[in-house]
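See structure below.
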Amino acid sequence: MDEEDAFERLKNLPPRGHHALLGIYNVDHGPDWAELACPFAPGFLMDADAGLVSSGPIISLVDAAAGSAIIARTRQWRPMATLDLHIDYLRPARAGHSLHARAHCHHITRKVAFTRCDVHDGDPQAPIATATASFFFTDES
Amino acid sequence: MIVRTPYAQMLGIRSVGLDGDTDVLMMPAAASLEGRSGFLYGGVIASLLELACLEAVAQDRGEPWPKPINMSFDFLRGGKMIDSYAQARLVRVGRRVVNADAICWQADRDKPIATGRMHLLLD
């Protein structure tokens, strides 16, 4: 393992902040993609009686996966900010199921990275959401 | 009321009262909401905007949560680790679909840190 590699560094960082609250962990990755997941928690519910899951954790997981996919592609540790994010909710997430988000970074310019993301709750063939997000590199290079 | 949902409670969100027709939601800064060091996590800001839209529709309709269809977010400024506020506006309430937008700000309402647009399906 290359000690200097930014993606390896990212993968091995202990969870902190909101990643730690949601329990986000790495599942798999490739040259331009990353899959992250988080286990279901009762705090994700909108309505405990109806078993209705909030879409908020899905957005946060997409944001995290998209950022990871960019680092998987660039292999650089560049500070970046989310510019925009669009999410389509295809069907409700099921209570008790882990959320998985697989993001691809499909294009990069000098200052901007573009990503797409699919989210499922156990069956990749039955996605619960799809999203696109773009990010701006805030460094000066 | 959105503030009674387990998810809003996990984020520490509370209502600071009506302003016009819709509630203003407030989310205090917390270490568990941090993204990159010193900044609020983008997904958390987006979630606050989404909850503001859901709250505004529920207030207008007086019935259970509408189903989210889709939502777009623009992130305008980094969110500092201070209190954040959000308020939604119902742009159009149709028979089946509601179009809403929301803004999120911190110290100065005229300098929003993020905006969102959402479609929701009514049952």
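The values are calculated or read from the model by the stated rules, or taken from the named source; none is laboratory data. Computed from a predicted model, the values in this text were never measured in an experiment. Ideal geometry is used to build each Cβ from the backbone, glycine not excepted, and the neighbour counts take in all protein chains shown. For accessibility, only protein heavy atoms count, side chains too; no ligands or nucleic acids. Shrake-Rupley method; radii C 1.70, N 1.55, O 1.52, S 1.80 Å.
Descriptive notes on the structure:
- Residues that are assigned to a strand (DSSP E or B) and without any contact (Cβ under 8 Å) to a residue 40 or more places away in the chain within region B:16-39 comprise B:17, B:18, listed in sequence order.
- Members of region B:97-119 that are free of Cβ contacts under 8 Å to residues at least 60 places away in the same chain, aliphatic (A, V, I, L, M), open to solvent by less than 10 Å² (accessible area, probe 1.4 Å) and under 14 Å from residue B:72 (Cα atoms): B:100, B:102
- Among residues of region B:1-15, those that are in a loop (DSSP other than H, G, I, E, B) and either more than 22 Å from residue A:53 (Cα to Cα) or in contact with a Leu (Cβ under 9 Å, 6 or more places away or on another chain) (or both), counted: 3
- Candidate set: region A:52-99, residues that are over 15 Å from the mean Cα position of the chain (by Cα) and basic (Lys, Arg); chosen: the one farthest from residue B:5 (Cα to Cα): A:75
- Within region B:40-70, restricting attention to residues that are in a loop (DSSP other than H, G, I, E, B) and in contact with a helix residue (DSSP H, G or I) (Cβ under 7 Å, 6 or more places away or on another chain), the residue that is modelled with the highest pLDDT is B:41.
- Residue list for region A:29-74, restricted to those being closer than 14 Å to residue A:103 by Cα, open to solvent by 20 Å² or more (accessible area, probe 1.4 Å) and free of Cβ contacts under 8 Å to residues at least 60 places away in the same chain: A:29, A:31, A:73
- Of residues in region A:71-90 being among the basic types (Lys, Arg) and modelled with pLDDT under 95, the one farthest from residue B:42 (Cα to Cα): A:75
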